[in-house]
Each structure stands twice: as C-alpha cells, then as structure tokens.
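Read-outs: derived from the displayed coordinates by stated rules, not from any lab. Just so you know, these numbers come straight off a predicted model, no measurement behind them. Reconstructed Cβ throughout: ideal geometry from the backbone, glycine too, with neighbour counts over all protein chains shown.
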Amino acid sequence: MTKTFAIANQKGGVGKTTTSVNLAASLATFNKRILLVDMDPQGNATMGCGINKNLLAISVLDVLTGDTVTEKALHRCESGAFDVLPANGDLTAAEVELLKLPSRESRLRHALARVKQNYDYIIVDCPPSLSLLTVNSLVACDGVIIPMQCEYYALEGLSALVGTIGKIGQFLNPGLQVQGILRTMYDPRNSLTNEVTGQLRQHFGDRVYRIAIPRNVRLAEAPSYGQPALVYDKHSKGALAYLGLAGEIIRREKAARAQTGTTG
Ligand code: ADP
Ligand code: MG
C-alpha cells in the first residue's frame, strides 16, 4: 500500500527540501518505488534532483489546474533512482488559479490518485508557508514529517503547524496526524539541542525519530551538483543519516502493519 508523506514546516531553511530529496533517494536504495513531488515554487527539490526547472514544459502546476494528466508531468531524477513531479516559479500562480477551481484543497490528492499504485512512497516537499499549496499537500498525504532545528523558537512555530494539521485532519483529510518529527542540522554538543529534544519527546513521544540529521557540509553541497548526497558522497555522514531515517521509517511501517494485521 502506498504511503504519502508531506515534508512540512512553514519555517524556511529547516531542511524540508534536503530531507525530501535525500529521503526519496534513501528509500529508493531499499528497492522502494518512489515519487518525489515538488510543491514549492522555488523548485529547489526539482533542481536538487538534476532537473532544470527553467526548461520544464509541464510542471506540477499544470497537474493541479487539470491542464494535463499527472503521468505526462513526471520526470526521472538524474541518477535514475526515482520519479519527480517537478515545479518552478510558475507555481506561484497556483494560489490564485486554484481559487477559481472546484475542490481547490484536494487537487493534488486527486492528481496523485492516478499514479499512486505505481509507488511505495510518495514524498511531498512543501513550501515555507501555510498556503493553499501546503494545504493541498496535507490533504494529499497519510502523514506529516516535520523537519526542525533544535532551537528555541522552533517550538513556537510548531504549534501553528500542529494546529493546521489538526484542522485538516478534522475537516479535509480525516485522521491526518504528525507522522514524525525529524531533528535536522543536529549538534549534540549544543545544550539547547538536548533541552529541545527533551521537550519534543514530551509532546510527541516516540514520534520523534531516533535518527537525527547532523549538520554536514556534503548535504549542503550536493544540490549544486543536482544530486542527492547518496550519489554525491555516499559515505558522508549526511547521506548515512538519511539512509538511517529511511530504515527507521520502513521499520515503523512494518511494525504498524503487523499491529493492524494488514499486509502489502
Ligand atoms: P527548507 O526546504 O526547509 O527551506 P533546505 O533543505 O533548503 O530547507 O535547507 C536550507 C539550507 O540548509 C540549504 O542551503 C541546505 O543545503 C542546508 N542544509 C539543510 N540540511 C543541512 C544539514 N543537515 N547540514 C548542513 N546543511 C544543511
Ligand atoms: Mg525548501
């Protein structure tokens, strides 16, 4: 059964795109079929997969507006390991375009339904806002992964996001929940880091991933080569951390399935 995860946090620069691209690449090494959806007009995830956002004839915008079918907008990432539904600056128009259309909050959900059966995991990289694009991502997903830096103000922003997830779970996507909290750019030597980790565990329990992603320059360099860290430098700490995250996600999934007694 396909699992769709939105990578969301309305704060910019917390590692959403880095997580989306590297988690997609890491899950693919476990022989999972992956689709990465770029829902940010900045198109960073698109570029980070080696796809030139400036040369896109068709993008996720055309899929959202219904101008094209999802299959026609799909690309293969440069390394060939997973599929990408790319975005570029045109997507800024979506905020206005979608207002004119019916079911404006669930356009992505419907678009993904057409191709879902071809994938084990769909990863949606959200923009740094609680906009209609993020709402579409949250309505389309089964769970939300929240990347965050362990700093003081990070927790404040989190309650707005958790509130939005709750409302969407109430009205638009029944049962939607925080799937996991991912600590990014992690530095265990910083005492605030440990304090914030403690608070996160208090609120979210074992939904805080055991793996934390360390600050690692390879993760920052890889996008300029259009590559996930696993391709750019597979032995780097960053690449290995995301592999660990993929393993943790797959194990959790298996455990959850065993508990509910479902297979697939
Ligand atoms: P967001 O998508 O939330 O805006 P990004 O993934 O683009 O965040 O990350 C913001 C910046 O931080 C980028 O320049 C990225 O390369 C860098 N970065 C992200 N995660 C790490 C990390 N673990 N170590 C070092 N740099 C990172
Ligand atoms: Mg981003």
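Among the numbered criteria (1) among the polar types (S, T, N, Q); (2) surrounded by 20 or more Cβ atoms within 10 Å (Cβ to Cβ); (3) over 18 Å from T92 (Cα atoms), which one does T46 miss?
Of (1) among the polar types (S, T, N, Q); (2) surrounded by 20 or more Cβ atoms within 10 Å (Cβ to Cβ); (3) over 18 Å from T92 (Cα atoms), only one is false for T46: (3).
Within the set of pairs 6 or more residues apart or between chains, which connect a residue that is more than 12 Å from T2 (Cβ to Cβ) inside the range 116-131 to a residue that is part of a loop (DSSP other than H, G, I, E, B) and more than 14 Å from ligand 1 (Cβ to nearest atom) with Cβ atoms less than 8 Å apart?
V124/C141
What are the residues in the range 85-137 that are under 21 Å from G157 (Cβ atoms) and within 16 Å of ligand 1 (Cβ to nearest atom), if any?
V124, D125, C126, P127, P128, S129, L130, S131, L133, T134, S137
Select from the range 152-175 the residues that are of a type outside the set (A, V, I, L, M, F, W, C) and within 20 Å of the chain's Cα centre (by Cα) and list them in ascending order.
G157, S159, G163, T164, G166, K167, G169, N173, P174, G175
When you scan the range 198-231, how many residues do you find that are among the acidic types (D, E) and either crowded, with 20+ Cβ neighbours inside 10 Å or under 20 Å from G13 (Cβ atoms) (or both)?
Residues meeting the conditions: 1.
For the range 41-57: of the residues being in a helix (DSSP H, G or I) and not small (G, A, S), which is nearest to ligand 2 (Cβ to nearest atom)?
By that ranking, first place goes to N44.
Kindly indicate whether any position in the range 49-68 is within 15 Å of ligand 1 (Cβ to nearest atom) and of a type outside the set (A, V, I, L, M, F, W, C).
Checking the range 49-68: at least one residue is within 15 Å of ligand 1 (Cβ to nearest atom) and of a type outside the set (A, V, I, L, M, F, W, C).
Name the pairs: first residue in the range 176-202 and within 12 Å of Y152 (Cα to Cα), second residue away from ligand 1 (no atom under 16 Å from the Cβ) and of a type in the set (A, V, I, L, M), Cβ to Cβ under 7 Å, at least 6 apart or on different chains?
If the second residue must be away from ligand 1 (no atom under 16 Å from the Cβ) and of a type in the set (A, V, I, L, M), the pairs left are V196/L155; Q199/L155; L200/V208.
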